[in-house]
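Q: Have a look at this one.
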Amino acid sequence: PLPFLAFTRSAFVARKPNYAKPNWLGVALAFGTSAALWALLIKQHDEDVMEYERRQRERHHKCTGCS
């Protein structure tokens, strides 16, 4: 290897994972983010379905008193 690479520092340090002491903050953040994204996805889907049904009702509306 090139000699000047020996003096560089890495932002990441490799070490063995400690399975006896999990990173609960990371676990909670991962699950919380996943749950929030799923909730947002379901909410958006429900709004889209309601908008689709509203437009379908408007398209099939045949009343003569409205126009």
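Q: Test of understanding: extend the Cα→C-beta vector of Arg57 to 7 Å, then name every residue of the range 12-47 with backbone N under 17 Å from that spot.
A: What the label zone holds, given the 17 Å backbone N cut-off, is 46-47.
Q: Here is a follow-up. Does the range 7-47 classify as rounded, prolate or oblate by the C-alpha gyration tensor (a ≥ b ≥ c root eigenvalues; a/c under 1.5 gives rounded; else a/b over b/c gives prolate, otherwise oblate)?
A: oblate
No lab work stands behind these numbers, since they all come straight from the coordinates. Here the structure is a predicted model, which means the values were calculated and not measured. Glycine gets a Cβ as well: all are built from the backbone with ideal geometry, and neighbour counts include every protein chain shown.
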